[in-house]
Amino acid sequence: MKDRIQDVRQAADVLHDVLQPFGYDYLQIDDGYEQEPIGTPAHWLHPNAKFPAGLDGLERDIAGRGLVPGIWTNACFGDSAYVFAHPTEFVTTADGAPAYGNWVGYVMDASNPATLDHLVRPVYDSLARMGWGYYKLDALRHLRYEGYNSHADYFRARGLDRETVFRGFVQAVRHAIGPRAFLLACWGIRPELIGLVDAVRVGTDGFGYGGFSEYNSYNNVVWRNDPDHIQLAAPDAYRAATLASLTGSLLMLTDRPELYRTARAEIAKRTAPVLFTRPEQLYDVDPSRSALVGRAATEVSGSGPRAFDADQRLTVPLYLLDVSRPFERWSVLARTGGADTDRIRFADLGLDPDRAYLVFEFWSRTLLGAFHTEFAPGPIDPVRQVQVFC
């Protein structure tokens, strides 16, 4: 079996050499290091044969290159032998059998202190002591939907509030990793976790554009929105990286490391660092999803996006970021297309239409000139699929 630590070291070397100078400081390993069946602390903390140096050695390799080590974890539990040996640590059905759900496996009962003491805290206490500083906590929607909501009678019979129990699971993680570690909740809108998590993957797997307009009022107010990873090798890489950066969203890359030594790295370099920006609107541009967020309290299936999860589609053509500093002010406008955007009126951007403005296109490095009232952005480069004016 191949030693995958060499792959991580290669990625760390490239990230350190090429992208860290531009603000890319985190390197997160994903699913694949843990032992099966998933769930017990030993199977999380002592990785499989693909990582013979162990997680502590892996953390040192990443941190030794000046990067923040990040790690994927999961709320799923699959070790049936442990479940039947410790039945009180798991949710049960009406007939007393261990509850089991898609993508969550056996359902850990976070209302039982023993569950947290035996299965949750040991994992995250140990990872924190090793030095891991970024945590992606996956399958939370399934713990909530297939786990707790689907077995509402279990909690009702014990006088327990499901949301409080669910929140208690993540509180145990947060307490173990400390307030300074970055915690990403994955995936789907998680209103129960406000104040506990730093970011939420607002849509399904694969980069999604919908959250930029459907949950824009949440971004960097409630949490930082994560549209999921960007592939610089993908056709829409310029557009995806531009909008993630301009909106102040989480920007994570996933490609073969050697790609970052090619010209495609320009995309990542020129869209970094991501500013911690807050939305000017107190509302969502498209409220069709956020208006339904209350359904998370009763949803029983996390199979695919729910009506309140962020969409994947690109539906809004213009994105505006106003930057004000004591020495200068800018309006930065991203355009992705649409016939109704072939003329940009300054008044629509909140600018004084009686003044003249210089307009510069960022990606092509082109000064369009000085304009009054409005300007014509011209055609969008089909390779980049986006324009940025400032």
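Every read-out reported here was derived from the displayed coordinates using simple, explicitly stated rules and does not represent laboratory data. From a predicted model like this one, the values you see are computed outputs, not experimental measurements. Counting neighbours? That spans all protein chains shown, and the Cβs are built from the backbone with ideal geometry, glycine included.
Protection proxy ranking for 312-324, 56-68, using the average of other Cβ atoms within 10 Å per residue and placing the highest first: 56-68, 312-324. Using only alpha-carbon positions in the range 144-235, the gyration tensor eigenvalues give semi-axes of 28, 16, 12 Å once each is multiplied by 5 and square-rooted (largest first). Angle of helix 237-246 to the longest C-alpha principal axis of the chain, folded into 0 to 90 degrees and rounded to 10: 90°. With a cut-off of 8 Å between alpha carbons and a minimum separation of six or more residues, what is the relative contact order of the range 31-150 in percent? For the range 31-150, the relative contact order is 31 percent.
Our note on the geometry: Cα centres of the range 226-299 and the range 372-390, 20 Å apart. Cβ crowding within 10 Å, taken as a proxy for footprinting-reagent exposure, orders 169, 362 from fewest neighbours to most as 362, 169. Helix 162-177 and the longest principal axis of the C-alpha atoms of the chain enclose an angle of approximately 80°. Each principal axis of the range 318-389 carries a Cα extent, and these read 36, 22, 20 Å when sorted largest first. Compared with the alpha-carbon gap, the fully stretched path from residue 256 to residue 332 is longer by 24.2 nm at 0.36 nm per residue.
The mean sequence separation of alpha-carbon pairs under 8 Å and at least six residues apart, normalised by the residue count of the range 201-306, gives a relative contact order of 32 percent. Note on the range 263-390: with charges restricted to the Cβ of Lys and Arg (+1) and Asp and Glu (-1), its dipole about the Cα centre is near 440 debye. Charge dipole of the range 50-170 (Cα centre as origin; +1 on each Lys and Arg Cβ, -1 on each Asp and Glu Cβ, all else neutral): 340 debye, rounded to the nearest 20. Would you mind telling me which residue in 371, 77, 166 has the biggest mean-square fluctuation in a Gaussian network model of the chain, where springs connect alpha carbons within a distance under 10 angstrom? Evaluated over the chain, the most mobile residue of the options is 371.
Computed about its Cα centre, the charge dipole of the range 269-325 is approximately 280 debye, with only Lys, Arg, Asp and Glu carrying charge at their Cβ. Packing-based ranking of 114-127, 294-307 yields 114-127, 294-307, ordered from highest to lowest mean Cβ neighbour count within 10 Å. Across the range 327-382, Cα pairs under 8 Å and at least six residues apart give a relative contact order of 34 percent.
Against the chain, whose longest principal axis is taken from its Cα atoms, helix 5-14 shows a tilt of about 20°.
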